[in-house]
1. Calculate the FRET efficiency for residue 50 and residue 8 from the Cβ-Cβ distance with a Förster distance of 30 Å, rounded to the nearest 0.05.
2. Arranged by the count of other C-beta atoms within 10 angstrom, fewest first, what order do 33, 112 take?
3. If you stretched the chain out fully between residue 159 and residue 26, how much longer would it get, using 0.36 nm times the residue separation minus the C-alpha to C-alpha distance?
4. Quick one: net charge of residue 64's neighbours, Cβ under 12 Å, K/R +1, D/E -1?
5. Would you tally the net charge around residue 17, using a Cβ to Cβ cut-off of less than 11 Å, leaving residue 17 out, and scoring K and R as +1, D and E as -1?
6. With 10 angstrom as the radius, rank 34, 1, 101, 58 by how many other C-beta atoms surround their C-beta, starting from the fewest.
7. Could you give the length gained by full extension between residue 36 and residue 109, i.e. 0.36 nm per residue of separation minus their alpha carbon distance, to one decimal place?
8. Using a Förster radius of 41 Å, what is the FRET efficiency between residue 145 and residue 67 based on their Cβ-Cβ separation? Nearest 0.05, please.
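What follows is calculated from the coordinates using simple rules that are stated; it is not laboratory data. Only a predicted model underlies this, so the values are computations on that prediction, with no experimental measurement involved. Because the Cβ atoms are built from the backbone with ideal geometry, glycine has one as well, and the counts that use them run over all protein chains shown.
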Amino acid sequence: MIDFAKAHAYGNDFLYVLQRDVGTVNRPALAREMCDRTTGIGADGLIVYVLSATGASMRLFNADGSRVLYQAPVIDKATAIALLGGVQNNVYGPGYYQVNMSVFKTFPTWREQKLQFRADGFNVLNHPTLGTPNGSMNANGGLVSGPKFFQNNTPDARFFQLSLKYVF
């Protein structure tokens, strides 16, 4: 098990790991595994760092495992945080996903005309769309108090519709 931190800065997200925690692991392969947004944690890059009494040094890897050749001089922890952003006070809400489905059948009618029957299902699994947790740092911190709103015409619950289309 590897301890890591995830931080966001300038539109990118990075995974931070201490060099002692990864030991002799192949770092490009580790970057590919950890940064994969489907099977891993998901990030734009991996930063392997070492803290010392005089500052910090780090090696950056892109999500594809390639090394970042240019690195700004980082001589202390404060500079590293100013350059890449901090990991504190971040509150992330639950993800959003829906499974939508369509089934249709086209029937030829006359010459090049046809009739199409469609059955569409939205949010077929009836997954709730939870809102973002509040960012307060008290006893109610992180409380999700309602659904996520997208548009007025976006159904949150399972929704089915039938349609018939005549093409001529």
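1. On the way: r = 22 Å, r/R0 = 0.75.
Computed FRET efficiency for residue 50 and residue 8 comes out at 0.85.
2. Details: 33 15, 112 8.
With the sparsest Cβ surroundings first, the list reads 112, 33.
3. Working: separation 133, 0.36 × 133 = 47.88 nm, distance 4.80 nm.
Full extension of this stretch gives 43.1 nm more.
4. Details: positive: 32, 67; negative: 33, 36, 44.
Spelling it out: positives minus negatives among the neighbours equals -1.
5. Working: positive: 6, 20, 27, 59; negative: 3, 21.
Result for the local shell: +2.
6. Values: 34 22, 1 4, 101 12, 58 18.
Fewest-to-most Cβ neighbours within 10 Å comes out as 1, 101, 58, 34.
7. On the way: separation 73, 0.36 × 73 = 26.28 nm, distance 4.93 nm.
Gain on extension, residue 36 to residue 109, equals 21.3 nm.
8. Working: r = 44 Å, r/R0 = 1.08.
Taking R0 as 41 Å, the efficiency between residue 145 and residue 67 is 0.40.
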